[in-house]
Amino acid sequence: MAAAKIKKGDRVIVLSGKDKGKTGEVTQALPRDGKVIVSGVNVAIRHTKPSQGDPQGGLVRSEAPLHVSKVAHVTADGKPTRVRFETQDGKKVRVAVKTGEKISG
């Protein structure tokens with residue numbers, strides 16, 4: 001499996017779909033499925049019946065996974081960039097293609 005270019009805690013921008021242009025932080029990465037969950041993006045609303053655990057019932061909002069290809073890493077100025085890997089001081093690090101800055105994590 002290839003190394004993860006987008007990881008938990010990264011700031012990303014959505015490139016396509018109903019939430020195009022929105023930015024958020026990756027709260028969970030699902031590398032086996034090739035998907036990520038981004039806070040405040042791709043929110044699914046589910047109607048739930050009242051139950052013993054949730055006596056009120058009603059609308060439950062939760063973030064649904066997005067495919068990794070639909071998101072891109074965000075630079076400091078808020079623009080999308082691709083990610084490449086470089087070896088610095090004997091370590092493999094992620095680097096933003098547009099700016100050349102090292103991505104923490």
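The values are calculated or read from the model by the stated rules, or taken from the named source; none is laboratory data. Since we're looking at a predicted model, the values are computed, not measured. We place every Cβ from the backbone using ideal geometry, glycine too, and count neighbours over all the protein chains shown. Only protein heavy atoms, including side chains, enter the accessible area calculation; ligands, DNA and RNA are left aside. Shrake-Rupley method; radii C 1.70, N 1.55, O 1.52, S 1.80 Å.
Cβ-Cβ contacts under 8 Å between residues 6 or more apart (or on different chains), taken from a first residue in segment 50-67 that is closer than 19 Å to Ser16 by Cα to a second residue that is of a type in the set (Ser, Thr, Tyr) and open to solvent by 60 Å² or more (accessible area, probe 1.4 Å), are listed as Glu63/Thr27.
Do you know which residues across segment 13-72 are hydroxyl-bearing (Ser, Thr, Tyr) and either open to solvent by less than 80 Å² (accessible area, probe 1.4 Å) or in contact with a strand residue (DSSP E or B) (Cβ under 7 Å, 6 or more places away or on another chain) (or both)?
Ser16, Thr23, Thr27, Ser39, Thr48, Ser51, Ser62
The residue of segment 78-96 that is modelled with the highest pLDDT, among those that are exposed (fewer than 12 other Cβ atoms within 10 Å of the Cβ) and in a loop (DSSP other than H, G, I, E, B), is Arg82.
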